[in-house]
Amino acid sequence: MDYFAQQLINGLVLGSIYGLIAIGYTMVYGIVGMINFAHGDIFMIGGFIALITFLILISLGLTAIPVILLVVLLVSMAITALYGWTIERIAYRPLRHSFRLAPMLSAIGMSFVLTNYSQVAQGARVKPIPPFIIGGYTLHESADGFVIQLSNIQIMVVLTTIALLGIFTWLVSRTRLGRDMRACEQDQTMAALLGVDVDRTISMTFVIGAALAAVAGLMYLLYYGLVDFFMGFVAGIKAFTAAVLGGIGSLPGAMLGGLAIGLIETFWSAYFSVEYKDVAAFSILIVVLIFMPTGLLGRPEVEKV
Amino acid sequence: MTAIPHETTKARRTAGIPFLLKTAFINALIALVLFSLMIGIRTEAGSDGQLTYWTRFGDLASIVAAVFGGSIVIELLRQWIGPTGAEKLVPPSVQSGMSFIGRYVAPALLIFTLLVPVIFYDQRYILDLAILVLTYVMLGWGLNVVVGLAGLLDLGYVAFYAVGAYSYALLATNFGWSFWVCLPLAGILAAFWGMLLGFPVLRLRGDYLAIVTLAFGEIIRLVIINWQSLTGGPNGVSGIPRPTFFGIPLDNSDDGLAAKLGIEYSPTHRIVFLFYLILALALLTNWVTIRLRRLPIGRAWEALREDEVACRALGINTTTTKLTAFATGAMFGGFAGAFFATRQGFISPESFTFQESALVLAIVVLGGMGSQLGVALAALAMIGGFELFRSLETYRMLVFGMAMVLIMIWRPRGLIGHRAPTVYLTKANAISSDLVKEGHG
Amino acid sequence: MSGEPILSVDRLTMRFGGIVAVQDLSFAAERKKITALIGPNGAGKTTVFNCITGFYKPSGGSIRLAHDDGKVIALERLNDFRIAKQAKVARTFQNIRLFPGMTALENLMVAQHNALMRASGLTFLGLIGVPSYRTAEKRAIELATEWLKRVNLLDRADDAAGNFAYGDQRRLEIARAMCTEPALLCLDEPAAGLNARESAGLSELLLSIRNELGTSILLIEHDMSVVMEISDHIVVMDHGLKIAQGTPREVRDDPKVIAAYLGTDEEEAAAVMESGS
Ligand SMILES: Nc1ncnc2c1ncn2[C@@H]1O[C@H](COP(=O)(O)OP(=O)(O)OP(=O)(O)O)[C@@H](O)[C@H]1O
Ligand SMILES: [Mg+2]
């Protein structure tokens, strides 16, 4: 039981990170109907920028951890968001009204570019950082000595995710930008006629998605203590899987899918085999889609004849 | 969807030097922010696991300067060429002219290909490259059945390549079966896996299809990595038998082909043999595909791509139609995989990554979905181009990725932008790709 | 046998969540006759078609199709493509669904898929090019040519369907449906978007299909001139319910129809009904 509870905690933390990345996929899909294959790499870039900012701040002699964290968070969100914005401008906007496969391949190309850009710029070796946020709570200790631990970093990841989701939900449901985004999702031409700046709205979607991915990158860095140039691919397809599992286009679906994938992975590793954890996640995705072709929370597709 | 008119179009055309400088300055500023940390600072883990960093402001400055200069050049070019979309650069008359040329390009290309081993007999490097290109031509033609004809997206095509390669490798190393027995088996096994993939995706559309095929490809790769007792895991399978000339080995032994023919042995013989082997396999793929297109099943594939609902209203079983498309494409992938295994003599999961699937898909899309000649040209351009940049080493994938982006922007509908009808009464009119749908998958 | 209706719809109901698009609808379509299904926008006509052709699974009721040989098929139990293949019901769509990237001839060849598939020995015999497949293909091309002639599109046989004018696309879609050699042809607003001359041509085409080939036709149409001219029997729907049926004359004079058709403005409604006479 204790073991189970511990895995549950671990799974939820991992799921939160996936969920944050998955939101970026789902948002972009909802508004431009394309899979942003480069999104996983945006997450990786976010991790790197966070790492480099950490290094600089520490070598500047800063010691107050909360200040460091805040600065790192803001810097990595800002710069990564600019990456998202630039990529949309360069690789996707010219293909906005083109055939569906063209932007997808452009995105795959962009993903190759980002992976290798980071490899060339920062080298291929894994970059570790010393643990920043240490300590935690022992929730329960059983007779046989097994302890359920809730580390501070885990608390931080979950709290940050919840806070961001709150802000994000508010942004989408209450602000002018959110309304414009929903309008573009429904019908871009109509939205444009009604005075919505479609280009700007789409740009902002990429910016927000990238900023969330940057947060996920930072959380990953803090939680696992390392980044490397290839981490975007694996995390990217996991998050994409999460977005699809939840029902692509649905924001709560993305979070739910993220948690589901995180839990599946953790529990499979804990109870069956670590090697096949990804196989399990992908297989469950396939099985779910057989029975629910539009994911857990996706709108069922009505075939209008 | 109608394109929303771009407000800045007019401004660009009449822009003067201040506008140019302003754009370049903004771009340079963006580049400065983007690259400040990633390029300006270099991190590295020291031997003690401690992270260190050093600055590279010189590199940063030169990149920002390059962006500044580059923006001016691009902006000038844009003003000269005008803001016409890239697609319009090729007028319809030229398009139909291209189909005319196509009638001669294809045979000329074929004759040239047949002569490659004669012309480049002494250039091992070129022969190897030609074999590589032909392998991708074959993979492209195989995937073209699924993506180009049936309009079903497949991001995990490499899985079938892997199934074919491992089928041959394992059957040959464990049971000593010959290549010619294993080749059809590899195709059949791959086709079987294609059907298996087909079932879950029958009801899926678009991006759901994309992720499931991608996941399928990853599952196969992960199983190969982890099922060590069968596949050798990350170490792969080595010692895969080389192909024989219908039982006669192509080596330096007494009953080798060279000895039997009474000529002097040369390692090039095997390369040449491999070249003609893959050429034959690729041509078989091409021939079968062209024939299938003119059969009811092929027409049903294309009709499926155009309108699935209409297909059902005409009594077409869309389930079997989709499954046969997946199976046929997978079978060709399996053949190619078996060839790959016998050529390399060694295979490992590293050869079957998502990048490979993406590359083959890029070849199909760049070729102009559904066009056999286009796919061949695209494979030549992509693989040949990729080789050209070999000297760039680590920058190679960077350049390759950029090329993919630029090519898609330049020709979103591929090199060959029209479709040839499968049957006609009086004249085979080329159909503009603007009319051809790309399927829902 | 011929007195028996080819299609009998009995208490058909179709619900979408809370919306009841069709409610307890019963009607029959006579063999070798043209039956029209009319009603104001949103009455549920297309939904009835979708139930008959298997695109929707009815929430309730039965749909029986009786072939000439006496075989009766329960359509609500067959799914999608089997209705076209086994029950031989062909249809067109309100918003035309051709294969735009294929030529007119290819469109008609796709329609003969099942016959050609059989002739090609499920592709294997066709692949090696057996003569029997070649003759089957030749016959298929002949049938397609004949239909292209009938709908006046022979000179455009090798052009992409997506390039056709609207009226030509409508006729090509009918030809495509007919190439499946159906027992029952269901047409969803074939005259929509046609000008007066084209409408007249359409009426002629439908009459010739009924008279010369003996194909039964079920027709949804808003163009009253077409409906009144060619229908043998008319069923009127409103809000998912059948409100009247009968010959064109009976329906035209039915006050319920007039009232339903254009709301309460009876004068205007009468004018619409008159235009059909
Ligand atoms: N797939 C569906 N899901 C939900 N509601 C539907 C669906 N199909 C049809 N409806 C509803 O059923 C009702 C009847 O629609 P239907 O298309 O059958 O009308 P119609 O008589 O063909 O109208 P028109 O003359 O405009 O073509 C409408 O209110 C429509 O919104
Ligand atoms: Mg309708």
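The values are calculated or read from the model by the stated rules, or taken from the named source; none is laboratory data. The structure displayed is predicted, hence computed values, not measured ones. When we count neighbours, we look across all protein chains shown, and the Cβ atoms used for this are built from the backbone with ideal geometry, even at glycine.
Helices (runs of 4 or more DSSP H) fully within region A:1-90 that include at least 3 residues being touching a Lys or Arg at 6+ places or on another chain (Cβ under 9 Å): A:2-32, A:39-59. In the condition set (1) at the interface with another protein chain (Cβ under 7 Å from one of its Cβ atoms); (2) under 30 Å from C:Leu154 (Cα atoms), B:Ser432 is compliant with all but (1).
If you go through region C:153-193 and pick out every residue that is without any contact (Cβ under 8 Å) to a residue 40 or more places away in the chain, within 16 Å of ligand 2 (Cβ to nearest atom) and either surrounded by fewer than 22 Cβ atoms within 10 Å (Cβ to Cβ) or among the hydroxyl-bearing types (Ser, Thr, Tyr) (or both), you end up with 1.
Residues of region A:265-279 that are surrounded by fewer than 17 Cβ atoms within 10 Å (Cβ to Cβ) and of a type in the set (Ser, Thr, Tyr): A:Tyr271, A:Ser273. On the stretch given as region C:16-32, residues that are within 14 Å of ligand 1 (Cβ to nearest atom) and away from chain A (no Cβ under 14 Å) total 5. Checking each residue in region C:174-194 for being within 16 Å of ligand 1 (Cβ to nearest atom) and within 13 Å of the chain's Cα centre (by Cα) picks out C:Cys186, C:Leu187, C:Asp188, C:Glu189, C:Pro190, C:Ala191.
Being more than 16 Å from ligand 2 (Cβ to nearest atom), in a loop (DSSP other than H, G, I, E, B) and buried (at least 18 other Cβ atoms within 10 Å of the Cβ) is a description that does not apply to C:Ala43. Among the residues of region C:68-84, are any touching an Asp or Glu at 6+ places or on another chain (Cβ under 8 Å), within 20 Å of C:Thr180 (Cα to Cα), within 13 Å of another protein chain (Cβ to nearest Cβ) and not acidic (Asp, Glu)? No. What do you reckon, is C:Thr35 at pLDDT 90 or above, β-branched (Val, Ile, Thr) and within 16 Å of ligand 1 (Cβ to nearest atom)? For C:Thr35, the condition - at pLDDT 90 or above, β-branched (Val, Ile, Thr) and within 16 Å of ligand 1 (Cβ to nearest atom) - is met.
Residues in region B:111-169 that are more than 18 Å from B:Phe275 (Cβ to Cβ), part of a helix (DSSP H, G or I) and of a type in the set (Phe, Trp, Tyr): B:Phe160, B:Tyr161, B:Tyr166, B:Tyr168.
Checking the condition within 22 Å of A:Trp85 (Cβ to Cβ) and at pLDDT below 90, which residue from A:Arg182, A:Arg200 passes? Quick ask: steps written out before the conclusion?
Working: A:Arg200 fails: at pLDDT below 90.
Being within 22 Å of A:Trp85 (Cβ to Cβ) and at pLDDT below 90 holds for just one of A:Arg182, A:Arg200, which is A:Arg182.
Taking region C:195-223 as the region of interest, how many residues are more than 24 Å from C:Pro5 (Cβ to Cβ), within 16 Å of ligand 1 (Cβ to nearest atom) and of a type in the set (A, V, I, L, M)?
Restricting attention to region C:195-223, the residues satisfying the condition of being more than 24 Å from C:Pro5 (Cβ to Cβ) are C:195-202, C:204, C:222-223.
Subset that is within 16 Å of ligand 1 (Cβ to nearest atom): C:222-223.
Going one step further and asking which of them are of a type in the set (A, V, I, L, M), we end up with none.
Qualifying residue count for the region: 0.
Would you check if there is a residue in region A:78-92 being without any contact (Cβ under 8 Å) to a residue 60 or more places away in the chain and either among the polar types (S, T, N, Q) or farther than 21 Å from A:Ala214 by Cβ (or both)? There is at least one residue in region A:78-92 that is without any contact (Cβ under 8 Å) to a residue 60 or more places away in the chain and either among the polar types (S, T, N, Q) or farther than 21 Å from A:Ala214 by Cβ (or both). The set of residues in region B:17-67 that are of a type in the set (S, T, N, Q), surrounded by fewer than 14 Cβ atoms within 10 Å (Cβ to Cβ) and in contact with a Ser or Thr (Cβ under 8 Å, 6 or more places away or on another chain) contains only B:Thr52. On the stretch given as region B:398-420, residues that are among the aliphatic types (A, V, I, L, M), without any contact (Cβ under 8 Å) to a residue 12 or more places away in the chain and within 7 Å of chain A (Cβ to nearest Cβ) total 3. Checking each residue in region B:376-423 for being among the hydroxyl-bearing types (Ser, Thr, Tyr), in a helix (DSSP H, G or I) and either modelled with pLDDT of 85 or more or within 26 Å of A:Glu88 (Cα to Cα) (or both) picks out B:Thr394, B:Tyr395.
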